[in-house]
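Colleague: One structure coming up, written as structure tokens, with questions to follow.
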Amino acid sequence: MGLKEKYEKEVIPEMMKKHHLNSPMAVPKIDKVVLNVGIGRVADEGTRDLIAKQLALISGQKPKPCPAKKSIASFKSRQGSIIGLMVTLRGKRMYDFVSRFIRVALPRTRDFRGLEPKSLDSSGNLTLGVREHIVFPEIIGEDVRNVFGLAITFATNSRDREKVMDTLKLLGFPFRS
């Protein structure tokens, strides 16, 4: 059973019963997943292309380059130079990524003891940092020259933190107690 089917068949009825909701539309759901990689001022374009290629393997779609908005001399960055890459996932790709992230990538993370509940902000969005991109199954460890980290944000449609926390737990997100 896929994650979307699990959400529709198990999570929605459970949340409606637990929180006394009248409509299935009142149950929080994940709207989008945003992956961000900061590459800073990478000296050569080959390294930037390699990071973009590996991020495309992880996400399943081409990343968008993010240019610097202004020049900062202490960081040696110029306005307009590419300092990051971003991918926004929605729909089927989003559910596939969330499923792989929960079931494969998180257990492969070094010293993983569960997700910190403080990672869920008051707006109902879960933001996590992954230190090594090699925890994803699409990346073959022997071929990797540069290991990079990425920030992952799971944006939901609800502002109620407790309902979002319950929904994510029912979907399989392993939060610490």
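Derivation of every value follows stated rules applied to the coordinates shown; laboratory data play no part. Given the structure is predicted, the values throughout are model-derived calculations rather than measurements. All Cβ positions, glycine included, derive from the backbone under ideal geometry; neighbour counts span all protein chains shown.
Colleague: Identify which of 127, 47, 167 has the largest mean-square fluctuation in a Gaussian network model of the chain, with springs joining Cα atoms closer than 10 Å.
Modeller: Highest fluctuation among the options: 47.
Colleague: Along its three principal axes, how long is the range 11-50 when you only count alpha carbons? Whole Å, largest extent first please.
Modeller: 56, 14, 13
Colleague: FRET efficiency for residue 62 and residue 20, Cβ-Cβ distance as r, R0 = 30 Å, nearest 0.05?
Modeller: On the way: r = 44 Å, r/R0 = 1.45.
That pair, residue 62 with residue 20, gives E of 0.10.
Colleague: Report the local net charge at residue 104: Lys and Arg +1, Asp and Glu -1, summed over other residues whose C-beta lies under 12 Å from its C-beta.
Modeller: Values: positive: 100, 103, 108; negative: 96, 138.
That sum, taken over residues with Cβ under 12 Å, equals +1.
Colleague: Let me ask something else. Taking N as the number of residues in the chain, what is its alpha-carbon radius of gyration divided by 2.2 N^0.38 Å?
Modeller: That ratio works out to 1.14.
Colleague: For the chain, modelled as a GNM with alpha-carbon contacts under 10 angstrom, which of 101, 112, 148 fluctuates the most?
Modeller: 112
Colleague: In debye to the nearest 20, how big a dipole does the chain give about its Cα centre with +1 on each Lys and Arg Cβ and -1 on each Asp and Glu Cβ?
Modeller: 380
Colleague: Oh, and also: Taking the range 12-62, how many lysine pairs are there with alpha carbons less than 26 Å apart, if each pair must be eight or more places apart or span two chains?
Modeller: Going through the range 12-62 pair by pair, I get 8.
Colleague: Give me the extension gain from residue 81 to residue 5: residue separation times 0.36 nm, minus the current Cα-Cα distance, reported in nm with one decimal.
Modeller: Details: separation 76, 0.36 × 76 = 27.36 nm, distance 4.21 nm.
Extra length available between residue 81 and residue 5 comes to 23.1 nm.
Colleague: Below 8 Å, C-alpha to C-alpha, sequence gap of six or more: please give me the relative contact order for the range 37-121 in percent.
Modeller: Working: 75 pairs, mean separation 22.8, N = 85.
About 27 percent, as a whole number.
Colleague: Would you look at the GNM of the chain, springs on alpha carbons closer than 10 Å, and say which of 140, 58, 102 moves the most?
Modeller: Comparing 140, 58, 102 in the GNM, the peak value goes to 140.
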